[in-house]
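**Student:** Sharing a structure, written as C-alpha cells. Questions coming.
The values are calculated or read from the model by the stated rules, or taken from the named source; none is laboratory data. Quantities reported herein were computed from a predicted structural model and do not represent experimental measurements. Reconstructed Cβ throughout: ideal geometry from the backbone, glycine too, with neighbour counts over all protein chains shown.
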Amino acid sequence: MNSATLGTPLLRVDFERCGDRFAHQVSWTLPDGTSGCLISQEGHPDEAWPPSPVLQSLNLETRPGEGQSAMLVGMAGRNHWSMSVEADLDRNRLLFDVACRMQELPLWLGSTYTVLNQSGAAWPLDCLTLTAWHGEQTDQAIFIQMDRQKGTLRIPAPPATAMFPQTIRWRYEIGVRK
C-alpha cells in the first residue's frame, strides 16, 4: 500500500509514501469555504530523531461499528515508532495515538507539521480544535507549540526519564470547531 485516506465529511488525513516512510497530511474544507492543511515534517533517512515519527508500514483496519483506522509502524536508528489514527465521524475529529520505544535520551521527540493556508484566512488553525495529552492520562495536557511566522505546529512528547529502554506515548486530536 502506497497511500490511504480516512476522515470525516469536513476533515481527513491522507497518507502517502515519501521515500522510506509515510508522510501524512491533515486537510479540511468547511461549509463557509475555509480550508487548510497540516503536512507532517518528515526529516531525513539518516536522522535518529526526526521532526515527526518515522512510519514505514501502513495498514487500514475496519472495526465493526467504529469505522476505519490507520495503523503505522517504523524505525530510525535504534528507536521504534507506532501511530494509530481514527476518524470520529460523529464529532468531526481525528484521533492520533503515537508511541516511541527508545534506547536513549532523544534530541527531539514529538510530531511536527507545516501549516498551509489554502483559503486566504489569516491563520487557518482558528477553525480547528487541537488537544494533546500524555498517553492514557487525559488530565495531563501537552502544550501545543504554534509558530505563526514559521508556519509550524509542534506537539512535543512527554519528557523521557533516565531509564532506558522506555516507551513514551502521546495522543492528540484535531477537530472542527463548531
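**Student:** Considering only residues that are assigned to a strand (DSSP E or B), of a type in the set (D, E, K, R) and more than 13 Å from the chain's Cα centre (by Cα), which ones fall in segment 6-22?
**Tutor:** 16, 17, 21
**Student:** Which pairs do you get when a residue that is farther than 19 Å from residue 73 by Cβ, found in segment 86-98, comes within reach of a residue that is outside any strand (DSSP E or B) and among the polar types (S, T, N, Q), reach meaning Cβ atoms under 9 angstrom, with the pair 6+ apart or on two chains?
**Tutor:** The qualifying pairs are 87/8; 88/8; 89/8; 90/8; 91/8; 92/8; 93/8.
**Student:** Also, I was wondering about something else. With (1) of a type in the set (Gly, Ala, Ser); (2) at pLDDT below 90; (3) farther than 21 Å from residue 171 by Cα as the list, and residue 19 as the residue in question, which single condition is left unmet?
**Tutor:** Every condition holds for residue 19 apart from (2).
**Student:** Does residue 26 count as buried (at least 19 other Cβ atoms within 10 Å of the Cβ), in contact with a Leu (Cβ under 6 Å, 6 or more places away or on another chain) and either among the aliphatic types (A, V, I, L, M) or modelled with pLDDT under 95 (or both)?
**Tutor:** Yes, satisfied.
**Student:** Additional query: Check segment 162-173 and report whether any residue there is within 30 Å of residue 31 (Cα to Cα), touching a strand residue (DSSP E or B) at 6+ places or on another chain (Cβ under 9 Å) and not hydroxyl-bearing (Ser, Thr, Tyr).
**Tutor:** yes
**Student:** Of everything in segment 120-176, what is outside any strand (DSSP E or B), surrounded by 12 or more Cβ atoms within 10 Å (Cβ to Cβ) and not hydrophobic (A, V, I, L, M, F, W, C)? Give them in sequence order.
**Tutor:** 124, 135, 151, 158, listed by residue number.
**Student:** Keeping to segment 60-84, report how many residues are part of a strand (DSSP E or B) and closer than 22 Å to residue 112 by Cα.
**Tutor:** Looking only at that region, the number is 14.
**Student:** Pick from segment 29-59 the residues that are modelled with pLDDT of 95 or more, in a strand (DSSP E or B) and among the hydroxyl-bearing types (Ser, Thr, Tyr): which of them is nearest to residue 130 (Cα to Cα)?
**Tutor:** 40
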